[in-house]
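As structure tokens, the structure follows; a few thoughts come after it.
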Amino acid sequence: MRNIQKQSLKEEGRSRKKINREIVLVTYVFVGLFLIMIGYLGYFTYKESDTYRNNPYNSKRQQLFSDRYIRGTILSSDGKVLAKTEVDEDGKESRNYPYGPMFAHVVGYSTKGNTGIESIANSYLLNTHINPALQILYELKEQKTLGDTVKTTLDTRLQRAAYEALGDAKGAVVAMDPKTGAILAMVSKPDYDPNEINAIWDELVSEENKNSNLVNRASQGLYPPGSTFKILTLLEYIRENPGNYEDFSFDCDSVYEVGEYKIRCSKQISHGEEDLITAFAKSCNGAFSSIGQTLNFSEMYKLCEKFGYNAALPTDLLSNASSFVLKDGSSVWDVLQTSIGQGKTTITPLHNAMIAAAVANQGVMVKPYVLESVESESGTLIKRFSSENYRTVMSPEEAAVLQKYMRAVVTDGTGSKAEGDGYRVAGKTGSAEFASGRETHAWFVGYADVEDPKIVVSVLVEEGGSGGSTAAPIAKAVFDAYYGE
């Protein structure tokens, strides 16, 4: 009997220990889950809350913030007011844009939805970091609080230079720092006056309006890159011929014939005997079409995707993805056209600026950004935005070769009108065909100063004709403004 009782007690003890272990395990699980929830709450509060609050689908919550806060001010990098909310004696608010159409697309508007910086900085503009006691006082008095101030990377001098140089033409201009990705200027035309957005809205969105005034052509406009694409054709040729690319020669008589197909040089110019750097500087279509026939287009496809084609650009600004579709096995005509930036290839001016910036930046492509910092009403720094590298797209040695060739475009080729006094430019022009019987789009992408690149400029003029004659002088106007000419 005693043995039975002892055995029973042992089993009872083991059962209790098992139950205790299970209780401890469950306790640890719940404590672990609790700590995970606390950690996520902290992460969400400090890292993700602005993202969710700023999401356009969160419009009801944003409306609650607009009921509590007066929308904050947007400033240029040089301290000029780009957007500000004014309140009249009756408490009625109105958003004012002192520069009118000049910053229309990049700054955007905050009625009829939000666009541009008004959209990407929405959560900062409808938030406040004033003294908490003062904020409580405003709440008790049911008085709205002024939102935080957003400072941008935009430079009013460069924006004005780009805006005025583009004139009445349709197109876009982008200026950015090649080392940081800071957008210094972004112009798109046709434009609109954001001060009048409510009054002119129906006109802007009507089917009769064919100008697409609301589209930011700088980041959303897709165009054939024309001869600016020869930067990538050249790079792929160098990679496939590392030991003898400088031995290339071509005799240009203005028309390059392959069977039934003909590729003509711009303005039917015969360039004569050319080496590779001369063909690039003169933008010889025949030479680069012949180069295209020798390339491995599966590798070319990979190169283009490395440079950002067929993917969303790494920017908060609303943008469209550039497109490159050619692979091995394509028709002769598609190869000839694609090699010189025609065919089905398309690109945005912002993306073209990123490619030129990668050349200037020793092969490192940076992410474009337009917000510099967030400050409270009293000027206290709340948040500072910093540059980020996107990816390394080529070696420094490859970048050095492209720098040399792009410099030759300005000194001995089609880009001479981009050169200024007191600084030196490297770049590439382009004249892109897009429709039969229509004038070509005019391109220029380049940077200055070649010894220590500080600014990249990308210019696209719709139906502007020659890139060297039309787009390069616009780039020069921006370079002149930057260097104080």
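Out of the DSSP beta bridges found with both residues in the chain, what percent are antiparallel (nearest 5)?
The answer is about 90 percent antiparallel.
About the Cα centre, and with charges only on the beta carbon of Lys, Arg (+1) and Asp, Glu (-1), how big is the dipole of the chain? Nearest 20 debye, please.
2880 debye
GluC sites (Glu not before Pro) within segment 163-266: which are DSSP loop residues with at most 10 other Cβ atoms inside 10 Å?
E207, E208, E260
From the square roots a ≥ b ≥ c of the eigenvalues of the alpha-carbon gyration tensor of segment 336-402, which class results: rounded (a/c under 1.5), prolate (a/b over b/c), or oblate?
Since a/c reaches 1.5 but b/c is at least a/b, the shape of segment 336-402 is classed as oblate.
Grab the other residues whose beta carbon is less than 9 angstrom from that of H271, score K and R as +1, D and E as -1, and report the net.
So the surrounding residues net to -3.
Calculate one ³J(HN,Hα) per residue across segment 81-93 by plugging θ = phi - 60° into the Karplus curve 6.51 cos²θ - 1.76 cosθ + 1.60, and present them in order as whole Hz with x for glycine and proline.
Karplus values, whole Hz, x for Gly and Pro: 6, 9, 7, 8, 8, 10, 10, 7, 4, 8, x, 7, 9.
Relative contact order for the chain using alpha-carbon pairs under 8 Å, separation at least 6, rounded to a whole percent?
Answer for the chain is 15 percent.
Which angle from 0 to 90°, rounded to the nearest 10, does the C-alpha axis of helix 349-360 make with the longest principal axis of the chain?
80 degrees
Rank-order 149-156, 453-460 by packing density, defined as the average count of other C-beta atoms within 10 Å over each peptide's residues, highest first.
453-460, 149-156
Taking amide hydrogens as modeled 1.01 Å from N in the peptide plane, which residues meet the under 5 Å criterion relative to K383, leaving out close sequence neighbours?
Hits under the 5 Å cutoff: V374.
What is the chain by shape, rounded, prolate or oblate, if you read a ≥ b ≥ c off the alpha carbon gyration tensor as root eigenvalues and call it rounded for a/c under 1.5, prolate for a/b larger than b/c, and oblate otherwise?
Oblate, because a/c is 1.5 or more while a/b does not exceed b/c.
How do the peptides 269-280, 425-436 rank, highest first, by the average count of neighbouring beta carbon atoms within 10 Å per residue?
Taking the mean over residues of other Cβ atoms within 10 Å, the ranking is 425-436, 269-280.
Can you work out the FRET efficiency for the pair R391 and E451, with r the C-beta to C-beta distance and R0 = 25 Å, to the nearest 0.05?
It comes to 0.50.
Using Cα atoms only, what is the angle between the long axis of helix 156-166 and the major principal axis of the chain, expressed in degrees (0 to 90) to the nearest 10?
Long axis of 156-166 versus the principal axis of the chain: about 40 degrees.
Mind listing which trypsin sites (Lys or Arg not before Pro) in segment 196-294 are in a DSSP loop and have 16 or fewer other Cβ atoms within 10 Å?
Sparse-neighbourhood loop trypsin sites (Lys or Arg not before Pro): K210.
By how many nm would the segment from E89 to I200 grow when fully extended, if each residue of separation counts as 0.36 nm and the alpha-carbon distance is taken off?
37.4 nm
What shape does segment 302-347 have by the C-alpha gyration tensor, where a ≥ b ≥ c are the square roots of the eigenvalues, rounded means a/c under 1.5, and otherwise prolate means a/b greater than b/c and oblate the rest?
Since a/c reaches 1.5 and a/b is larger than b/c, the shape of segment 302-347 is classed as prolate.
Over 22 Å between Cα atoms, which of K267/K428; K367/K476; K267/K417 qualify?
Violating the 22 Å limit, Cα to Cα: K367/K476.
What distance in nm lies between label points placed 7 Å from Cα along the C-beta direction at S249 and T294?
Roughly 1.3 nm, to one decimal.
Under 15 Å from the Cβ of P368, count the other residues' Cβ atoms, weight Lys and Arg +1, Asp and Glu -1, and hand me the total.
So the environment of P368 carries a net charge of -2.
Helix 2-43 versus the longest principal axis of the chain: what angle, 0 to 90°, nearest 10, using Cα atoms?
The answer is roughly 40 degrees.
Using +1 at the C-beta of Lys and Arg and -1 at the C-beta of Asp and Glu, which of L184, N285, A426 has the Cα lying farthest in the positive direction of the dipole of the chain?
About the Cα centre, the residue reaching furthest to the positive side is L184.
For n ≥ 4 DSSP H runs only, could you compute -39500 (n - 2.57) per run for the chain, divide by its residues and tell me the 222 nm figure to the nearest 500?
After summing the helix terms and dividing by the residues of the chain, the value is -11500 deg cm²/dmol.
Would you mind pulling out the separation of the Cα centroids of segment 233-259 and segment 398-470, in Å?
20 Å
Give me, ordered by chain and number, the residues 5 or more places off K454 or on other chains with an amide H under 5 Å from its own placed amide H.
It is A448, D449, by chain and number.
Any read-out appearing in this document is the output of simple, stated calculations on the displayed coordinates, not a laboratory observation. Nothing here was measured: the structure is a model prediction, and the numbers come from that model. FYI the Cβ positions are ideal-geometry reconstructions off the backbone, even for glycines, and counts take in every protein chain you see.
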